[in-house]
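First the structure, in the form of structure tokens, and then the observations on it.
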Amino acid sequence: MMLNIDLNGRVILVLGGSRGIGAGITEMLCRAGATVTFTHRGQPQHQQRIDELPAAINGLPGSAMPVQADACDSAETQHVVQDIIGRHGRIDGLVCNVGQTLRRPVEEVTDESWRRFVDVNLSTSFYAIRAVLQHMAAAHYGRIVLIGSSAFYDGGGGAIDYAAAKSGLHGMMLYLVRNYARKGILTNIVHPCVIDTDLLREGYDSPRKIESLIGQIPVGRLGKPEDIAGVVAFLVSSYGDFICGQSILVDGGRTFF
Ligand SMILES: NC(=O)c1ccc[n+]([C@@H]2O[C@H](COP(=O)([O-])OP(=O)(O)OC[C@H]3O[C@@H](n4cnc5c(N)ncnc54)[C@H](OP(=O)(O)O)[C@@H]3O)[C@@H](O)[C@H]2O)c1
């Protein structure tokens, strides 16, 4: 029998799926047969990608439904989860992918922008976890994957709020494993680094900068959203049934070598 990742019948929410890594995760989960709902903020500049998605996933075994909801608004996230429960009667997986950084020195981080970036990079996961936990606990089944950053290991990402918030995800994961693994809910973190997305290109905006970045990566190339998506699909599948509390760095070796 051929080895494959089978997510047929699995209902999964991806926070932040209109582009980049989140879009890659959404597509990969559909390839494995999952029923995916992904959120986005309705940014006009990303609308075309959302419109093109049905064609991209057409013919795949799974499905993907976009929902406009700001992950920083806990009531909106709660509503998205309720809607999924209403439509499918269950929620098996949650992928918290929303994140954003603004490179600047500590002196330029105002109280307001500190709160905003901690909200985007940490609280969004909390709001979604709080909304799904009771449903997963009732079913005695849940798979949660948090999307962190190599900033957890090296303080990178260009901003103190980003490094702090992404590191906070680690404590959240440990708490969840300690208190919810026995209830069938398994949590892990995938830490991306140097994945070729719009977010990365905003910081590395010239061929010279990209070339110099690739020079720092032992594997010799930038990562692709699929490099992250494959790990996520694995973790939410039955192959991840005995894995929890793990931080998995997907970086082509850049962070440590
Ligand atoms: N790329 C990398 O090398 C790298 C490295 C380390 C960590 N990461 C982490 O990986 C994750 C994805 O990164 P990426 O490079 O794919 O970023 P991206 O290209 O900026 O994509 C972010 C996604 O999140 C959505 N989003 C942002 N804020 C949102 C909100 N408040 N509510 C709902 N959706 C929201 C965006 O959609 P809309 O804008 O349409 O709302 C978009 O779909 C982030 O957590 C990032 O910190 C990436």
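So, in the range 140-159, of the ones that are within 12 Å of S247 (Cα to Cα) and of a type outside the set (G, A, S), which residue ends up surrounded by the fewest Cβ atoms within 10 Å (Cβ to Cβ)?
Checked the range 140-159; the qualifying residue surrounded by the fewest Cβ atoms within 10 Å (Cβ to Cβ) is Y153.
At pLDDT below 95, surrounded by 15 or more Cβ atoms within 10 Å (Cβ to Cβ) and near the ligand (Cβ under 10 Å from one of its atoms): does that describe Y162?
No.
Could you please find all residues in the range 238-257 being in contact (Cβ under 8 Å) with a residue 60 or more places away in the chain, over 21 Å from G33 (Cα atoms) and more than 14 Å from the ligand (Cβ to nearest atom)?
C244, G245, F256
Please go through the range 191-213 and give me each residue that is touching a helix residue (DSSP H, G or I) at 6+ places or on another chain (Cβ under 9 Å) and either part of a helix (DSSP H, G or I) or more than 6 Å from the ligand (Cβ to nearest atom) (or both), ordered by number.
Answer for the range 191-213, where residues must be touching a helix residue (DSSP H, G or I) at 6+ places or on another chain (Cβ under 9 Å) and either part of a helix (DSSP H, G or I) or more than 6 Å from the ligand (Cβ to nearest atom) (or both): H191, D196, D198, L199, L200, R201, G203, Y204, K209, I210, L213.
Could you list, in sequence order, all residues of the range 123-139 that are touching a helix residue (DSSP H, G or I) at 6+ places or on another chain (Cβ under 6 Å) and either over 20 Å from F38 (Cβ atoms) or acidic (D, E) (or both)?
Correct list: A137 only.
Going through R104, R178, R182 one at a time, which residue ends up being of a type in the set (D, E, K, R) and in a loop (DSSP other than H, G, I, E, B)? Spell out how you get there, then give the answer.
On the way: R178 fails: in a loop (DSSP other than H, G, I, E, B); R182 fails: in a loop (DSSP other than H, G, I, E, B).
Of the residues listed, the single one that is of a type in the set (D, E, K, R) and in a loop (DSSP other than H, G, I, E, B) is R104.
Looking for something crowded, with 23+ Cβ neighbours inside 10 Å and not hydrophobic (A, V, I, L, M, F, W, C) - is there at least one such residue anywhere in the range 53-62?
Within the range 53-62, none of the residues are crowded, with 23+ Cβ neighbours inside 10 Å and not hydrophobic (A, V, I, L, M, F, W, C).
Out of S63, S113, which single residue is within 25 Å of F152 (Cα to Cα) and away from the ligand (no atom under 14 Å from the Cβ)? Step through it out loud before you land on a result.
On the way: S63 fails: within 25 Å of F152 (Cα to Cα).
Only one candidate passes the filter, namely S113.
Only one of L235, L186 is at pLDDT 95 or above, of a type in the set (A, V, I, L, M), surrounded by 14 or more Cβ atoms within 10 Å (Cβ to Cβ) and within 16 Å of the ligand (Cβ to nearest atom); which?
L235
May I ask you to list the residues in the range 60-77 that are part of a helix (DSSP H, G or I) and either farther than 12 Å from L13 by Cα or among the charged types (D, E, K, R) (or both)?
Passing the criteria: S74, A75, E76.
If you check every pair at least six apart or on different chains, which have Cβ atoms under 7 Å apart with a residue in the range 137-149 that is assigned to a strand (DSSP E or B) first and a residue that is surrounded by 24 or more Cβ atoms within 10 Å (Cβ to Cβ) and small (G, A, S) second?
Close Cβ pairs (under 7 Å, with a partner that is surrounded by 24 or more Cβ atoms within 10 Å (Cβ to Cβ) and small (G, A, S)) amount to R143/G93; L146/S125; I147/G99.
Can you list residue pairs whose Cβ atoms sit under 7 Å apart, with the first residue in the range 103-114 being in contact (Cβ under 8 Å) with a residue 40 or more places away in the chain and the second being assigned to a helix (DSSP H, G or I) and among the small types (G, A, S)? Count only pairs 6 or more apart in sequence or on different chains.
R103/G203
What number of residues in the range 16-30 are near the ligand (Cβ under 6 Å from one of its atoms) and under 16 Å from R143 (Cα atoms)?
Looking only at the range 16-30, we keep the residues that are near the ligand (Cβ under 6 Å from one of its atoms), and these are 16-22.
Imposing the further condition that a residue be under 16 Å from R143 (Cα atoms) reduces the set to none.
Total meeting the criteria: 0.
Quick check on the range 22-39. Is at least one of its residues over 19 Å from D227 (Cβ atoms), part of a helix (DSSP H, G or I) and not hydroxyl-bearing (S, T, Y)?
Checked the range 22-39: no residue is over 19 Å from D227 (Cβ atoms), part of a helix (DSSP H, G or I) and not hydroxyl-bearing (S, T, Y).
The values are calculated or read from the model by the stated rules, or taken from the named source; none is laboratory data. Computed from a prediction, not measured in an experiment: that's the story for all the values here. Reconstructed Cβ throughout: ideal geometry from the backbone, glycine too, with neighbour counts over all protein chains shown.
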